[in-house]
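Trainee: I'd like to ask you about the structure that follows.
Read-outs: derived from the displayed coordinates by stated rules, not from any lab. None of these values were measured; they are calculated from a predicted model. Neighbour counts run over all protein chains shown; Cβ positions are idealised from the backbone, glycine included.
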Amino acid sequence: MNFTLLNIGFGNMAMGQKVVAIISPESAPIKRMIQEARERNTLIDATFGRKTRSVLVMDNGQIILSALQAETIAHRIVQAGDTEDTMEELEAKE
């Protein structure tokens, strides 16, 4: 099984393949979603007390808060995907 850990800031990692969406936390519906996840105990706060700059929605319904910008996390997912493609190409050549 092949999986990629995604750095979401301050040494915290999440499974890159499990991320469904990366959202800005500014809108009222997203704030409600965060509050509901907190009440259901499905919220993971990885901000270390800093301002929440992105919200990761996982495929199992969990919500992860990060202090990194959504664009930064998106670039890291793309880079991890490029690395994964390169590894698959190398394995296919062998």
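Trainee: What number, in percent, do you get for the relative contact order of the chain if the mean sequence gap of Cα pairs under 8 Å and at least 6 apart is divided by its residue count? Provide the component values of the computation, followed by the final result.
Mentor: Details: 132 pairs, mean separation 26.9, N = 94.
Across the chain, relative contact order equals 29 percent.
Trainee: Dipole magnitude of the chain about its Cα centre, charges +1 at Lys/Arg Cβ and -1 at Asp/Glu Cβ only, in debye to the nearest 20?
Mentor: My answer is approximately 740 debye.
Trainee: Measure nothing fancy, just the Cα-based angle from helix 28-39's long axis to the longest principal axis of the chain, in degrees from 0 to 90, nearest 10.
Mentor: Taking the Cα atoms of the chain, the angle to 28-39 is about 90 degrees.
Trainee: For each of Leu43, Leu56, count neighbouring Cβ atoms within 10 Å of the residue's Cβ, then give the residues from fewest to most.
Mentor: Lowest to highest Cβ neighbour count: Leu43, Leu56.
Trainee: Sticking with this one: Which one, Asn7, Ile30, Leu56, projects farthest toward the positive side of the charge dipole computed for segment 5-93 from Cβ point charges (K/R +1, D/E -1)?
Mentor: Ile30
Trainee: Sort Ser27, Ser54, Ser66 so the one with the fewest other Cβ atoms within 10 Å of its own Cβ comes first. Before the final figure, lay out each step's value.
Mentor: On the way: Ser27 10, Ser54 22, Ser66 28.
Ranking Ser27, Ser54, Ser66 by Cβ neighbours within 10 Å, fewest first, gives Ser27, Ser54, Ser66.
Trainee: Continuing with this model, one more query. Compute the angle between helix 70-93 and the longest alpha-carbon principal axis of the chain, please, reported from 0 to 90 degrees and rounded to the nearest 10.
Mentor: So the helix axis and the longest Cα principal axis differ by about 20 degrees.
Trainee: Which number do you get for Rg(Cα) / (2.2 N^0.38 Å) in the chain?
Mentor: 1.19
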